[in-house]
1. Using 7 Å Cα-to-Cβ label points, what is the residue 158/residue 173 separation (nm, one decimal)?
2. Counting each DSSP H run of 4 or more residues in the chain as -39500 (n - 2.57), what helix-only mean residue ellipticity at 222 nm follows after dividing by all residues, to the nearest 500 deg cm²/dmol?
3. On a 0 to 90 degree scale, rounded to 10, what angle separates helix 197-208 from the longest Cα axis of the chain?
4. If you work out mean projected area of the Cα convex hull in nm² from the coordinates, which of (1) 13.4; (2) 14.2; (3) 18.1 do you get?
5. Once you keep just the Cα pairs under 8 angstrom separated by 6 or more residues, what percentage relative contact order results for the range 5-255?
6. So how many Lys-Lys pairs in the chain land under 16 Å Cα to Cα, not counting same-chain pairs under 8 apart?
7. Nothing charged except the Cβ atoms of Lys and Arg (+1) and of Asp and Glu (-1): what's the magnitude of the dipole of the range 5-255 about its Cα centre? Round to the nearest 20 debye.
8. Treating the angle as unsigned and between 0 and 90°, give the value, to the nearest 10°, between the Cα long axis of helix 158-177 and the longest Cα principal axis of the chain.
Amino acid sequence: MNARKVIAVVNQRSGVGATAAVLSIGRALVKRGQKVLMVDLDPQSSLTAVCGVEHTSSASMGEVLGGALSGRLSMHDILRDISPGQVLMLAPADASLSHTEMGLQSRMGRMDVLRSALGTVRPMFDVILLDCPPNLGMLTMNALEAADGVLIPSKPDVSDLRALWLLLAALEKVKQELNPRLDVIGVMITNFNFRLEHHKAVLASMKAGGLKLIPDSIWHNLDEQSAHFENAIYVPGSPEAQVELAKSMETWLKRGPSWRGGATKPLGITKTHEEP
């Protein structure tokens, strides 16, 4: 496959497992022969750290994107090979991205900065994954402008539903005013306990709101799937989840998502049965 797609992994709520989602998707696709680049756009540089890069030596996304002025490095200058024998590469981040966020505010063509940078390496990869900061600031908006698709990691908790609704509304505005080609791939549940009724209720509410859940094969029949996961807990990094995750992402890469836009109404809780 030579899809050459850019996917932004976005949620303005922190602690939802966005970085783990990016790493899980990257590893899952590489195992199936894809060439993957993961781009850390978060000044906290969690993806960079979890990939084992302790020091960027100023060769990071901040030096590529610059700020009020253009960056001094190219994407080729900063790429790190994090999986020898496979094409899984990282564009690391460090604290300099905080200055990028502020500097871009006063820069001409600020919304095209990331897209232009990615264009120099895009032919090298089948998929580019963008790990975005937990906000809708300038770095995230650059990612959404550069992306072909957006994946929303979310926990199945009541408190996450409102944030999800607000993000979907914001994405509709992005599609209308900034990037009409942007597809919402779906919501990626990052931690699910098959034994918790409130997790099931939140999942039912997401389905009722018309959301595409990734990977769809796992959420189609909860009772059947619960036996496949250790302790009846689903996390994207588990071997069972990675297989299904790769299949779902490859389906989108080939055909595009089956769900596009919509679902910007408030998401409530669909009650199942009472917990004992």
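Only the coordinates and a few stated rules stand behind these numbers; no lab work does. These numbers come from a predicted model, not from an experiment. Every residue, glycine among them, receives a Cβ derived from its backbone with ideal geometry; neighbour counts consider all protein chains shown.
1. 2.8 nm
2. Values: 12 runs with 109 residues, N = 276.
Dividing the helical sum by the residues of the chain leaves -11000 deg cm²/dmol.
3. Orientation of helix 197-208: about 70 degrees from the principal axis.
4. After the calculation, the listed value that fits is (2).
5. This gives 25 percent for the range 5-255.
6. Pairs that pass both the separation and distance tests number 16.
7. Numbers: 24 positive and 26 negative charges, 103 e Å.
Around 500 debye, computed over the range 5-255.
8. For 158-177 against the chain, the angle is about 50 degrees.
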